[in-house]
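Participant: Got a structure here, written out as structure tokens. Questions coming.
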Amino acid sequence: MGDENKIEKKDLIQITKDKFLPREIEDKDGHGFEYNIGQELKNSRRYVDYKYYLTILIFLAAIAGLSYVITQYVQNEYKKPELGFGDDDLNLKEMLTSTQNEKKNLNIAQQKFDDLVKEQEQTTLDIKTKFQKQKEDVLTQNLPSEKSQPLIASLKIQEEKEIQTVKNKYAPLIQSAHKDVEKSEVALANKQKKLEEQTNKAESMVNNYKRLQKIREDNLKNDYEKQKANLVLKYNPVFSNDQLKKIINEKRKKTDLTEPQLFDYNARLLDSKDLTESQFEEIRKNVNNYKVLITEMQKIPYINSVGPSVDILQQSTDYLISEYERLINQLSYKIINQSNMIDKYNNAFAFITETSPDSGFIIDGRNPSNIAISMKSVLNIKPGMIAYIFRKDDEYIATIEIKAFHNIFFGNAIEIATGKTIQPFDKIFLKRVVKIEPPANQESSTEETGTNNQNQNDKDIK
């Protein structure tokens with residue numbers, strides 16, 4: 001700039017005085033005071049307060065730093081990406097494309113590795129086939145063993161050499177291809193990791209409701225379908241057990257598919273007391289309940305292995321019911337026939353027993369601890385009584401104790417004569433005296449059981 005623009009220090013002082021100071025200052029106290037700003041400036045140069053300037057400098061630095069921080073924060077807020085097809089999306093697409101390309105590279109490297117292995121195996125197989133043919137040619141010439149064996153041995157050595165040559169040739173190639181596969185796998189894993197990180201970052205930045213809602217709906221739908229499939233499999237499983245598969249796939253006979261035939265109760269079964277009519281009706285009730293339940297279950301649209309299993313269960317149970325009805329019907333007639341026959345035998349035994357002068361006789365003595373006996377009805381037979389067994393009046397066989405089981409008397413052998421066995425229709429004589437119940441219109445009396453022959457036999461035994 002020119003010298004005309006320079007301001008002298010004296011002029012500055014004068015201008016300042018004219019600007020800020022009045023022309024005249026009235027001293028109310030009557031004392032005059034003259035302020036010389038020039039002299040004050042000179043004095044200020046002598047006494048400089050450096051702490052003051054340092055404080056001002058620190059304050060200005062703090063203001064500048066705080067302004068810088070606020071500015072950076074605002075800039076970062078404005079730089080945050082919003083949802084859209086911006087650079088982040090393009091970067092994500094590029095990473096996805098790169099990952100897919102890396103997968104292709106891995107497939108190519110893997111295919112190369114597999115081809116080399118197959119090529120080596122095929123070459124080795126060709127060599128073995130070639131030498132096998134040569135060995136067969138040698139054997140077909142019917143040469144003596146001293147000539148054929150060296151030839152075969154030589155062929156075997158050549159075969160091993162060629163196989164080893166192939167191994168040496170392909171080993172580095174296969175190893176290199178394997179390294180390429182491993183390298184591609186590592187690269188793919190890294191890219192997939194970066195892609196996953198970038199995807200997670202993009203998802204964290206999403207603030208668009210529709211896009212986020214779509215993702216949530218898809219996830220919810222997938223979870224629902226998965227839970228639905230699991231729930232269906234839980235209550236409609238697919239049986240993997242071989243035995244269950246065989247049962248379900250087994251073709252049923254036509255007879256198994258028919259409705260079971262139910263027979264009426266035979267009243268004569270009451271005589272046997274093995275199956276009462278109330279028990280029979282209870283069985284019928286359970287059968288009817290089952291048929292009602294299985295019919296309702298078959299109406300349910302089961303899938304997988306459950307539906308066929310319900311049908312097989314119904315068919316199998318109907319078959320069992322039919323067989324049970326057939327068996328119980330046959331057994332009922334057998335029981336009736338046996339009861340009739342037993343009744344006839346009992347009538348015959350009772351007639352023989354009651355008309356015999358003896359106390360009773362043996363029915364079956366094969367088991368000495370459970371001897372079947374028939375005793376007179378007029379005798380007051382009680383468990384614990386002792387009886388003797390004779391075949392003839394003077395032929396002693398055994399001594400037994402009378403026992404009872406469910407009101408049926410039987411004998412337990414206490415003593416059996418040497419060389420003797422208890423046989424049917426051997427005579428029984430009671431040892432103890434019991435009271436005989438008289439017929440109607442007769443006085444009761446006490447007699448010694450048995451006959452005079454029995455008394456004589458008791459004396460002989462004593």
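What follows is calculated from the coordinates using simple rules that are stated; it is not laboratory data. This one's a predicted model, so the numbers in the text were calculated from it and none came from an experiment. Counting neighbours? That spans all protein chains shown, and the Cβs are built from the backbone with ideal geometry, glycine included.
Participant: Return, for the Cα atoms of segment 101-248, the radius of gyration and Dmax in Å, separated by a comma.
Facilitator: Cα only, segment 101-248: 29.8, 92 Å (Rg, Dmax).
Participant: Quantify how much of the Cα-Cα distance distribution of segment 139-220 extends past 23 Å, in percent.
Facilitator: Result for the distance tail: 64 percent.
Participant: What residues have an amide H closer than 5 Å to that of Phe425, excluding those fewer than 5 places away on the same chain, when H is modeled at 1.01 Å from N in the peptide plane?
Facilitator: Long-range HN contacts for Phe425: Ile362, Ile363.
Participant: Let me ask something else. In the structure shown, do any of Lys226/Lys299; Lys103/Lys183; Lys103/Lys169; Lys135/Lys156 have a Cα-Cα gap over 20 Å, and if so which?
Facilitator: Flagged as over cut-off: Lys226/Lys299; Lys103/Lys169.
Participant: Taking the Cβ of Gln122 as the centre, find all other residues whose Cβ is under 15 Å away and add up their charges (Lys, Arg: +1; Asp, Glu: -1).
Facilitator: -1
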